[in-house]
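First the structure, in the form of structure tokens, and then the observations on it.
The values are calculated or read from the model by the stated rules, or taken from the named source; none is laboratory data. Everything numeric in this text was worked out from a predicted model, so none of it was measured. When we count neighbours, we look across all protein chains shown, and the Cβ atoms used for this are built from the backbone with ideal geometry, even at glycine. Just the protein is used for accessible areas: all its heavy atoms, side chains included, with ligands, DNA and RNA removed. Shrake-Rupley method; radii C 1.70, N 1.55, O 1.52, S 1.80 Å.
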Protein chains: 2
Amino acid sequence: MTAIVGLMTKTTGEYLRDALDGPWKDMRNQCREYLASDTFTTDPALDIKAARARALEQMQALVDTGYPDHGFRRENGGTGDAGAAVAGFEMLAQADLSLTVKAGVQWGLFGGAIENLGTEHHHEKYIRPLMKLDLLGCYAMTESGHGSDVQHLETTATYDVDTQEFIINSPTPSSRKDYIGGAAQDATVAAVFAQLITEGESHGVHCFVVPIRDENGGDLPGVTTSDCGIKGGLPGVDNGRIVFDNVRIPRENLLNRYADVAPDGTYRSEIENDSRRFFTTLGTLVRGRVSVGGGAASAARLALTIATRYALKRRQFRPAQGEPETVLLDYRMHQRRLLPLIAKSYAYAFAQNDLVRKMHLIQTGQNKDPQGQRALEKRAAGLKAAQTWHATRAIQECREACGGAGYLAENRLTTLKADTDVFTTFEGDNVVLTQLVAKELLTAYSDEVRDYDALDWVKFAATMARDVVRERSGVRQLIQTLFDSSNETVEEGDLSKRAVQLQLLADREDYLVRTAAQRLRNGTKELGTPFKAFNNAQEHILSAGSAHIDRLVLESFIEGLDLVHDDEARAIAELLCDLFVFTTLEQHRDWFIMHRFLSVERAKAVRRGVNELVEKLRPHARTLVDAFGIPDAMLRAEMLNDASVYERE
Amino acid sequence: MTAIVGLMTKTTGEYLRDALDGPWKDMRNQCREYLASDTFTTDPALDIKAARARALEQMQALVDTGYPDHGFRRENGGTGDAGAAVAGFEMLAQADLSLTVKAGVQWGLFGGAIENLGTEHHHEKYIRPLMKLDLLGCYAMTESGHGSDVQHLETTATYDVDTQEFIINSPTPSSRKDYIGGAAQDATVAAVFAQLITEGESHGVHCFVVPIRDENGGDLPGVTTSDCGIKGGLPGVDNGRIVFDNVRIPRENLLNRYADVAPDGTYRSEIENDSRRFFTTLGTLVRGRVSVGGGAASAARLALTIATRYALKRRQFRPAQGEPETVLLDYRMHQRRLLPLIAKSYAYAFAQNDLVRKMHLIQTGQNKDPQGQRALEKRAAGLKAAQTWHATRAIQECREACGGAGYLAENRLTTLKADTDVFTTFEGDNVVLTQLVAKELLTAYSDEVRDYDALDWVKFAATMARDVVRERSGVRQLIQTLFDSSNETVEEGDLSKRAVQLQLLADREDYLVRTAAQRLRNGTKELGTPFKAFNNAQEHILSAGSAHIDRLVLESFIEGLDLVHDDEARAIAELLCDLFVFTTLEQHRDWFIMHRFLSVERAKAVRRGVNELVEKLRPHARTLVDAFGIPDAMLRAEMLNDASVYERE
């Protein structure tokens, strides 16, 4: 069978799929096989008790596939294939999102904290058991009072030199740990983030391993857990709350990779600045953000596959008496609803593959550039925000585009929407993350500004040189290369040229970053305080962050085109890239006109361009979604096989 | 107590609330009292079986409040207060949306069909029992194969002269009745829409009363019902499917207000044209659309109240060391996320009150203008689409703006989102409805074009005079009146003048309608078929429909300002009106610039204007949402009372 498959010619869709699957194609294919089984389906009919039980069973089944191994280094019993861990998470998101998130909490967040923040004795003690689910953990960072501002968590870990223990305590109502996956029921241990205090001095947020439940599932003394109850989705994830009343843990339970407390209470760290140490700590956990963005985009691809296949079968209204009813996707509006979202999904898939590759190289020690980690964090933050917003909007559009059928749980779109909805919030609120990207741009990665105090960073940003970011990013070089091969300049070039497209998005980014810095500079003088200057320009600053992400995504898309090794497939991918650019330009058309980057005439051409592109892509619609590589057995949308919806007399 | 209340001075919020409550203020106040009781709360923890049982119990409790009475005419045992029926539906949407929809199906759709399409003997037999819930019905219009194109339903009702019966049949898989509220479980009778055939001739879609279940809940012979199962929301509504296998019903079960079949099989109708008769039939059921749009907007007001009150208490990040953390609503982006949606909610509340008043005057026979009904249908279609889309977007934004807390069911936002999600689909898909509005504009209400054949109406639209709609609408007169009082012209007038604002929205509408007609005219020649001409311009046509709705809404808002009887409240309402206009202009800024209605300089002023307006409105945020008039007891969002989320040491 394999031999015969090997001899068959690849379809256009398969060429596209190869390009989209990227470097972790094998992992994806492996997942496609086992995720198509009944074990990994969602069942929306389960109540939360049954859904939680099922998610736990599915976790166990995942262990048997070797899924968790990729997340951990070889010396700890894993395969050390960081990229495969993320690719697996993305694939899981097309099967059951409760399972995806539950797996992410156990192996990604909890396991990741142990591996990345702990040292050898933690690895030896915890990693094998947690990989095999002999130890269930949770990741207790967020508190009721502080979600985005995690640097100011209130839980304390006070060192008691007499007993050589840390005392974990929740001193205020708002210091309650909240929304913690696993805390309501399954986790027996928590990785708790708390302010470390020793010798009467606070050293900022550190992570501690704290047992919370006994073997029978009862709270340990001093620990009070409770249940967050029903959520908008993710019924299989047992989110809960934890309050600590002076719970004592051994000194060794501090995850001490970046800082330690000696038995006598002396604090030591290779990173002196509290704030810098905290962000270094967080930085090692970047894989969570990379995974969440990729998982959301993957769920969006599933929704778009379902909605597109429905739109290719479903008919409504005759164009004229006696003619057959029109297929939904033949309507221009339906094309405009779905095809630009598909184009965006291609763009993000290439950008995500790029991001995962960059992360993999850093996390496996192949890239040792000291700036690499910082750039990775910015890119991960930006793409997490962009992809999760895309998923929310795209899945919603798919639901609406499938009408009443789209509202039935058996067709999956409402479940996909509900389950992914919180992805715009967890692993960093999207507005905060986009702002983080902009801050990095405005301050050119300076270490001084990594804490979140508006006053300091506004002052700093306002003094920065203007073009430092673009100089570094290498975008000028790519644009130049593209121009060299096309003998044109941006002023006269037509909008279908990649160089012109990239120049336009880069110009927008540049302009917004530069003028944001200007506003911060002038604003502090005019408005009195740096916070007012920042706040008055907040929308502008966020636009700069988004513009940066748009530009990065286009770069990835352009580079991704070279991975399509077939002329016909390549031609389709080029159209998709155009459509991505044109819809991005259309979205900001007012800005481009107002800032004289597009004339009114060229701006009108943008809308015409979108219409022409969706028309050209329409015949390839099925190929476009087939290339997302979701096996029929994983679609599981009843309406795609329901004669009542399509059959005509 | 009443006397004391009477002596107290009204607050600014109460003045605004009076204006928003509009003509059916008393009904709203009455609802506020009984809906605040525990009987009418949502419980997201119920499985669908329990949720359905609860909805039915709540229905019974509603009967005792007299709620259903308003939907029916005095001679049938009701109060004949059509406007109160809609106002009640809107209020219900803030309590429990499953109940709202279930009530809408029973009294609005099923009851409405009996009252409006039936004649005396139907009224006598059915209305009292259905009002009291001694008879539970459903409204079996939509089929698996035809949802938007209901004129081409496939269910047949063939008259058998020998037995004087109609034979109700589902001849194809796609003729299965689908998504029918009540059909899965509770309804014993269905109002079935089917093609009437007598003497071998089809006369189009008519409505028939068909018993479907016996006293024990079993399907009657020839009837096969099934369950649509779990949906994205509305767990208390038992949506189901019905297949008819030659089910016989007495001749008298035809709802025969507009057409009848004599015992000998002769068909008679005062309306000769099948298509016109069908649209007349549908037209009498316009209250469903009016209710759904109003209900969605009402749910959005609840979500905005919850999110705004949260944003006024929740703090995150310190502006500078030692200062208190910033309240969420003090962030510019948070202001920009919520306040424009609040402004839009005001706009739609005034527009909805206008619509309900117009509907009430027609349905109570006080307005007998023959054009009135047609204009009402267009306005209802447009406002249904606009308000339900607004609700979907606004509630989603509220969820995201409340972060993790927003994702917990106990804070209601996810439930509101899930329950209202299908409002953009049922009672007419929003895209189809917006298109319907545009068609009416393009063809100036001509009867000839009321069937849905693209060929016919494109031809017709292309021959229409250009400005006929605006001439009729009276908008010129309002603009003139506004200009007269301001001594300005649109060219020089500043954007804060109502006349200038209205002129801009009217210009956009005019231009889009005119150029759409042009494109249809030229397109048929250029593209070969009327369908291609229509399809190529579909996006343009839809924009014309939306632009019309925007303009109508602004007119209602401007007129609504006069209902605010207090200087301070009036000043706030004026700011909201400005914000509504400025965000609408901002949304279409590219269009206004490209078509030279706004210069680049004025366009830049639009964004500045939005920022200035949200800043000016920020101090009044609590007043703005208090004016929505939702009692604290009806908010039921746990986070608003959770010290852990707000308290600071």
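A few comments on the model shown:
- Taking the stretch A:106-121 as the range and being closer than 15 Å to A:Cys207 by Cβ and either under 23 Å from the mean Cα position of the chain (by Cα) or surrounded by 21 or more Cβ atoms within 10 Å (Cβ to Cβ) (or both) as the test, the residues that pass are A:Gly108, A:Leu109, A:Phe110, A:Gly111, A:Gly112, A:Ala113, A:Ile114, A:Glu115, A:Asn116, A:Leu117, A:Gly118.
- Residue satisfying condition, being aliphatic (A, V, I, L, M), free of Cβ contacts under 8 Å to residues at least 60 places away in the same chain and open to solvent by less than 40 Å² (accessible area, probe 1.4 Å), within set B:Ala82, B:Ala36, B:Ala87, B:Ala61: B:Ala61
- Filtered residue count, the stretch A:617-643, keeping only those that are under 19 Å from A:Phe580 (Cβ atoms), open to solvent by less than 40 Å² (accessible area, probe 1.4 Å) and not β-branched (Val, Ile, Thr): 5
- Selection count, the stretch B:202-243, where residues are surrounded by fewer than 23 Cβ atoms within 10 Å (Cβ to Cβ), touching an Asp or Glu at 6+ places or on another chain (Cβ under 8 Å) and of a type in the set (D, E, K, R): 3
- The set of residues in the stretch B:157-184 that are open to solvent by 10 Å² or more (accessible area, probe 1.4 Å) and of a type in the set (Lys, Arg) contains only B:Arg176.
- Any hit, the stretch B:403-413, residues being on the phi < 0 side of the Ramachandran plot, within 14 Å of another protein chain (Cβ to nearest Cβ) and outside any helix (DSSP H, G or I): yes
- Criterion (open to solvent by 20 Å² or more (accessible area, probe 1.4 Å), on the phi > 0 side of the Ramachandran plot, within 14 Å of chain A (Cβ to nearest Cβ) and not charged (D, E, K, R)) met by exactly one of B:Phe426, B:Phe317: B:Phe317
- Residue in the stretch A:299-309 that is surrounded by fewer than 24 Cβ atoms within 10 Å (Cβ to Cβ) and assigned by TED's automatic domain parsing to the domain that holds A:Tyr348 present: yes
- Note on the stretch A:168-201: residues that are within 14 Å of chain B (Cβ to nearest Cβ), touching a strand residue (DSSP E or B) at 6+ places or on another chain (Cβ under 6 Å) and polar (S, T, N, Q) amount to 4.
- Candidates A:Val610, A:Val600 - the one that is farther than 17 Å from A:Glu14 by Cα and modelled with pLDDT of 95 or more: A:Val610
The rows are residues; the columns are (1) of a type outside the set (Ser, Thr, Tyr); (2) within 30 Å of A:Glu115 (Cβ to Cβ); (3) not in a helix (DSSP H, G or I).
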residue: A:Ala303; (1), (2), (3): yes, no, no
residue: A:Leu329; (1), (2), (3): yes, no, no
residue: A:His334; (1), (2), (3): yes, no, no
residue: A:Leu338; (1), (2), (3): yes, no, no
residue: A:Ile342; (1), (2), (3): yes, no, no
residue: A:Ser345; (1), (2), (3): no, no, no
residue: A:Ile362; (1), (2), (3): yes, yes, no
residue: A:Gln366; (1), (2), (3): yes, yes, yes
residue: A:Gly382; (1), (2), (3): yes, yes, no
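- Whenever a residue of the stretch A:433-445 is assigned by TED's automatic domain parsing to the domain that holds A:Ala537, its partners that are outside any helix (DSSP H, G or I) and open to solvent by 10 Å² or more (accessible area, probe 1.4 Å), lying with C-beta atoms within less than 8 angstrom and at least six residues away or across chains, give the pairs A:Leu436/A:Gly428; A:Leu442/A:Met464; A:Thr443/A:Met464; A:Ala444/A:Met464; A:Ala444/A:Ala465.
- Candidates B:Gly77, B:Gly83, B:Gly88 - the one that is on the phi > 0 side of the Ramachandran plot and not assigned by TED's automatic domain parsing to the domain that holds B:Arg412: B:Gly77
- Options B:His146, B:His152; residue that is free of Cβ contacts under 8 Å to residues at least 24 places away in the same chain and within 13 Å of chain A (Cβ to nearest Cβ): B:His152
- Checked against the criterion of being in contact (Cβ under 8 Å) with a residue 40 or more places away in the chain, touching a Cys at 6+ places or on another chain (Cβ under 8 Å) and more than 9 Å from every other protein chain (Cβ to nearest Cβ), the candidates A:Ile549, A:Ile558 yield just one match: A:Ile558.
- Some residue of the stretch B:369-392 being open to solvent by 10 Å² or more (accessible area, probe 1.4 Å) and either under 30 Å from A:Val150 (Cβ atoms) or of a type in the set (Val, Ile, Thr) (or both): no
- A:Asn253, sole failed condition from (1) open to solvent by less than 20 Å² (accessible area, probe 1.4 Å); (2) touching a Phe, Trp or Tyr at 6+ places or on another chain (Cβ under 9 Å); (3) within 14 Å of chain B (Cβ to nearest Cβ): (3)
- Of B:Arg289, B:Arg318, all but one fail to be under 30 Å from B:Gly71 (Cα atoms) and either of a type outside the set (Phe, Trp, Tyr) or more than 26 Å from the chain's Cα centre (by Cα) (or both); the exception is B:Arg289.
- Those helices (runs of 4 or more DSSP H) of the stretch A:69-166 in which at least 1 residues are among the β-branched types (Val, Ile, Thr), considering only elements entirely within it, cover A:82-92, A:97-103, A:111-117.
- So A:Gln371, is it within 13 Å of chain B (Cβ to nearest Cβ), polar (S, T, N, Q) and touching a residue at least 24 places away in the same chain (Cβ under 8 Å): no
- Every listed requirement among (1) at pLDDT below 95; (2) in contact with a strand residue (DSSP E or B) (Cβ under 6 Å, 6 or more places away or on another chain) is met by A:Gly404 save one, (1).
- Residue in the stretch A:328-345 that is least open to solvent (accessible area, probe 1.4 Å), counting only those that are within 12 Å of chain B (Cβ to nearest Cβ) and among the aliphatic types (A, V, I, L, M): A:Leu329
- Top-ranked residue in the stretch A:517-539 [being in contact with a Leu (Cβ under 7 Å, 6 or more places away or on another chain) and open to solvent by less than 50 Å² (accessible area, probe 1.4 Å); ranked as farthest from the other protein chains (Cβ to nearest Cβ)]: A:Ala517
- A:Arg514 being at pLDDT below 90, part of a helix (DSSP H, G or I) and either open to solvent by 30 Å² or more (accessible area, probe 1.4 Å) or within 14 Å of another protein chain (Cβ to nearest Cβ) (or both): no
- Of all positions in the stretch A:522-535, none carries a residue that is in the same structural domain as A:Phe597 (by TED's automatic domain parsing) and in contact with a Cys (Cβ under 8 Å, 6 or more places away or on another chain).
- Answer residue from the stretch A:582-633, given it is within 27 Å of the chain's Cα centre (by Cα) and in a loop (DSSP other than H, G, I, E, B) and is farthest from A:Arg412 (Cα to Cα) among those: A:His588
- Among the candidates A:Tyr139, A:Tyr126, residue that is away from chain B (no Cβ under 14 Å) and open to solvent by 10 Å² or more (accessible area, probe 1.4 Å): A:Tyr126
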